[in-house]
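See below for the structure under consideration.
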Amino acid sequence: MSDVIAAPAVVRVPVVGGGTFPVHRIYCVGRNYVEHAVEMGHTGREAPFFFMKPADATLPVPAGQTGEMHYPSLTRSLHHEMELVVAIGKGGRNIPAAQALEHVWGYAVGLDMTRRDLQNDMKKQGRPWCIGKGFEESAPIGPITPAAQVPHIHDAEISLTVNGEQRQKSRTAKLIWNIQEVIEHLSAAWTLAPGDLIYSGTPEGVAAVVAGDELLGRIDGLESLKLKIVG
């Protein structure tokens with residue numbers, strides 16, 4: 001039986017060394033650095049929680065290029081959240097933490113762009129805040145590096161500058177729930193599949209950007225992510 005409309009295109013992220021990584025789903029971990037949890041009004045090591053973005057929210061940026069993100073509608077408070085992204089290459093459910101890294105294909109630099117005012121409004125009303133997180137181009141990502149090439153990724157410097165000024169800086173070792181634990185918890189709720197991306201959480205320093213701003217995200221060992229906000 002033939003489709004009655006054109007099939008949606010699959011978003012593909014460039015891979016270091018050649019090839020592309022087709023995106024299946026995007027999972028995100030909330031408040032996974034202590035200092036960020038504090039700046040958002042929370043404390044302590046709470047149980048991990050997750051939200052999702054649609055796969056076509058992915059905004060791939062090839063190495064050496066500057067991606068362009070259009071300033072989204074309905075918001076006056078677009079925030080950056082710099083993150084280590086985990087690319088899943090082997091699916092599974094109820095994956096033990098001790099085996100979690102066997103399911104990881106690689107890693108990338110990513111941004112969880114957030115319409116903060118809309119997210120906060122939904123929180124106050126006790127409503128889902130998809131409108132604050134899951135919009136077009138809200139998941140910029142740089143090239144994916146194979147996991148074997150970055151064995152130190154679990155204690156790497158992560159940073160973001162905006163127009164050359166430092167906004168965020170930390171280390172991936174400061175994740176409240178490390179990558180193995182995140183995969184264990186996530187795979188208890190969803191069956192992970194090849195092509196899934198996991199945005200692992202942002203350190204402190206999240207703040208607003210406006211049209212014309214230039215963002216540079218870096219994580220030691222990975223290709224950097226350059227992004228310009230356009231009107």
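Quick one: accessible area per residue over the stretch 148-214, 1.4 Å probe, rounded to a whole number of Å²?
Ligands and nucleic acids excluded, the result is 41 Å² per residue.
Mind listing the long-range amide H neighbours of ARG167? Cut-off is under 5 Å, sequence gap 5 or more, other chains count too, H placed in the peptide plane at 1.01 Å from N.
Amide H neighbours of ARG167, under 5 Å, 5+ apart: LEU160, THR161, VAL162.
Using DSSP to define loop residues, name the trypsin sites (Lys or Arg not before Pro) in the stretch 69-129 whose beta-carbon has at most 16 other beta-carbon atoms within 10 Å.
Listed in order of number, the matching sites are ARG76, LYS90, ARG93.
Pulled fully out, how much extra length does the chain show between SER2 and GLU136, if you take 0.36 nm times their separation in residues and subtract their Cα-Cα distance?
45.4 nm
Figure the gain on full extension for THR43 and ALA193 (residue separation times 0.36 nm, minus the Cα-Cα span) and round it to one decimal in nm.
Full extension from THR43 to ALA193 adds 50.8 nm.
With 29 Å as the limit, write out which pairs from LYS53/LYS124; LYS53/LYS169; LYS90/LYS169; LYS90/LYS228; LYS53/LYS174 have Cα-Cα distances beyond it, or answer none.
LYS90/LYS169; LYS90/LYS228
Leaving ligands, DNA and RNA out of it, report the carbon-plus-sulfur percent of the accessible area of the stretch 1-127 at a 1.4 Å probe.
Carbon with sulfur: 53 percent of the solvent-accessible area.
With θ set to phi - 60° and the Karplus curve 6.51 cos²θ - 1.76 cosθ + 1.60, what are the ³J(HN,Hα) couplings of the stretch 143-157 in order, to the nearest whole Hz, using x for Gly and Pro?
x, 8, 9, x, 4, 5, 8, 9, x, 8, 4, 7, 8, 10, 6
Taking the Cβ-Cβ separation of VAL10 and PHE50 as r and a Förster radius of 30 Å, what is the calculated FRET efficiency to the nearest 0.05?
After rounding to 0.05, the efficiency reads 0.85.
Need the full-extension length gain, ARG93 to VAL230, defined as separation in residues times 0.36 nm minus the C-alpha distance. One decimal, nm.
Result for the pair: 45.3 nm of gain on full extension.
Excluding the sites themselves, what is the longest stretch of the chain that contains no chymotrypsin sites (Phe, Trp or Tyr not before Pro) in a DSSP loop with at most 15 other C-beta atoms within 10 Å?
No qualifying site falls inside 50-189, the longest such stretch.
So if we plug the beta-carbon distance of HIS152 and THR20 into 1/(1 + (r/R0)^6) with R0 = 22 Å, what FRET efficiency do we get, rounded to 0.05?
For HIS152 and THR20, the calculated efficiency is 0.30.
(i) 123; (ii) 109; (iii) 143: which one is volume of the Cα convex hull per residue in Å³ as calculated from this entry?
(iii)
What are the ³J(HN,Hα) couplings of the stretch 75-83, residue after residue, when phi is run through the Karplus curve with 6.51, -1.76, 1.60 and θ = phi - 60°? Round to Hz, x for glycine and proline.
With coefficients 6.51, -1.76 and 1.60, one gets 10, 10, 8, 8, 9, 8, 9, 7, 9 Hz.
The values are calculated or read from the model by the stated rules, or taken from the named source; none is laboratory data. Just so it is clear, the model here is predicted, and its values are computed rather than measured. Every residue, glycine among them, receives a Cβ derived from its backbone with ideal geometry; neighbour counts consider all protein chains shown. When the accessible area is computed, the model is the full protein with side chains, heavy atoms only, and any ligands, DNA or RNA have been set aside. Shrake-Rupley method; radii C 1.70, N 1.55, O 1.52, S 1.80 Å.
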